[in-house]
1. What is the Cα convex hull volume of the stretch 44-145 when expressed per residue in Å³?
2. Would you mind checking which residues have amide H under 5 Å from residue 163's amide H? H placed 1.01 Å from N; only 5 or more apart, or other chain.
3. Keeping all protein chains in place, calculate the accessible area per residue for the stretch 50-163 (probe 1.4 angstrom), answer in Å².
4. Would you mind pulling out the separation of the Cα centroids of the stretch 258-274 and the stretch 407-442, in Å?
5. Just add up the charged neighbours of residue 378: K/R +1, D/E -1, any other residue whose Cβ is under 9 Å from the Cβ of residue 378.
6. When you count, for each residue, the other Cβ atoms within 10 Å and take the mean per peptide, how do 335-344, 423-432, 12-21 rank with the highest first?
7. Provide the per residue accessible area, probe 1.4 Å, for the stretch 362-450, rounded to a whole number of square angstrom.
8. Which whole-number percentage describes the relative contact order of the stretch 264-420, with Cα contacts under 8 Å and a sequence gap of 6 or more?
Amino acid sequence: MLSPRNRELLGLIPAALLVTAGFTAIFIQVQDTSRGSATSLTLNHASSVSLTYGALFLVLCVAGHLVIRFCLPDADPYLFPLGAVLASVGIVMVYRINPTLARQQAQWMVLGLVLFAATILALRRRGVGVLERYRYTIAAVGIGMTVLPRLPVIGEQVNGAYLDIHIGGVSFQPAELGKVAIVIFLASYLRDNRQILVTGGRRVLGLTVPPMKQFGPMLLVWGAAMGTLLLTGELGTSLMFYGAFLALLYVATGRFSFPLIGLVLFALGAWFVAGHVEHVHARVLAWEHPLDPTLFRSGTSYQLGQALFAQADGGLLGTGFDQSLLRLPHGGPSILPVPESDMIYAVITNELGLVGATALLLVYLLFVARGLKTAMLARDSFSKLLATGLSFVVAMQVFVIVGGVTRLIPLTGVTLPFVAYGGSSVVMNFVLLALLLVVSDRVRRPYART
């Protein structure tokens, strides 16, 4: 039977092969579409470049593997390979869309792995429990990060929403840091108050209402979620934060009435915001009528409508790499706006078909399942809630963006974890992965070594 070290190492090979095969397919397609024009690209050159990219990716993954096995020898052997597979799909698809952005994505991935290693090194001895000491500081940082895009100098409005901040030519989404900070605070708070929430509640109309002293933070988080939505105009960020809170509340208390009350409150807030915030109202209209001629021509539903056409065009097996018509020839207008970020799932479905898109979702499902298994086996309440919250945040992000692109819910600007272009998203997802690995090492460690 293979040891965890060998299982993890072997699990990294498919990710490197995906990078090699993906770049080979892209280069061959470029050569085929460039026949008759001046090009020095040959099949041998394509193969050598693809092998180089695959080898570099494998080296980075092996470096991460060595950090894990030396610092966290008992950590889950599947989490990191699953994250590597997702990252490999992302780097290949972003390169296919825009090679310049792919190089930037690779640089952010290196930074993400550096912070990944730093997080593991910082917490390898004391575990994640040390984060509880700074929960209020972490919460303040998390909430502050979500409103930074509204600051006049560094914030910027894009398509009606405030998501990015720009400092010295570098842009990132502070909400990515905020999501991890909020989960840490909520896990710590609920660890201390879950018993009172359960035993001190009162029955009202068949539902258990917790004491106001402990119920107050729930209202505060709800108000912060709605406030973030009003300030940034972004439904996805609010939904992600609040969804993580409700999931943790249910896991901590085991009372379905608590998240039910939270869902009712969120629905009321979302209904009010959808009717009074122009940007959110436009997103709802586009969701309800994506192919309405007036909305389509005005650009309100153009992005969603084109995404639906792209996914339908992919069929079962897809059109193949580099076959999506993302822009009209000769520098024409964009057919599928923001394909490297918001619409990357539509590009994947178009080029890899329903089979490829389903395979990607299954990898996410396995990643979340391993995270939740870690939570189930955790020996202390904080680690259990933290692993649950981090896993649920990943699941929630996938649901929000995939649900938006497939018109299950209104489209939002949340990134697809590890896959979509975005430096802050890549970096913080590797930090999130590091926290899950730290928890899993304590979970799987024999009692004699604790």
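1. Values: hull volume 12.5 nm³, N = 102.
Looking at the stretch 44-145, the number lands at 123 Å³ per residue.
2. Close amide H contacts, sequence-distant or interchain: 156, 158.
3. Dividing the accessible area of the stretch 50-163 by its residue count gives 46 Å².
4. 25 Å
5. Numbers: positive: 379, 384, 442; negative: 380.
Taking every Cβ under 9 Å from that of residue 378, the sum is +2.
6. Details: 335-344: 22.0, 423-432: 23.8, 12-21: 19.6.
Descending mean neighbour count gives 423-432, 335-344, 12-21.
7. Per-residue accessible area for the stretch 362-450 comes out at 32 Å².
8. On the way: 198 pairs, mean separation 32.0, N = 157.
Reported as a whole number, the value is 20 percent.
The values are calculated or read from the model by the stated rules, or taken from the named source; none is laboratory data. Being a predicted model, the structure only gives us computed values, none of them experimental. Cβ coordinates were reconstructed from backbone atoms using ideal geometry, including for glycine residues, and neighbour counts include every protein chain displayed. Remember, those area values only see protein heavy atoms, side chains included, never the ligands or the DNA or RNA. Shrake-Rupley method; radii C 1.70, N 1.55, O 1.52, S 1.80 Å.
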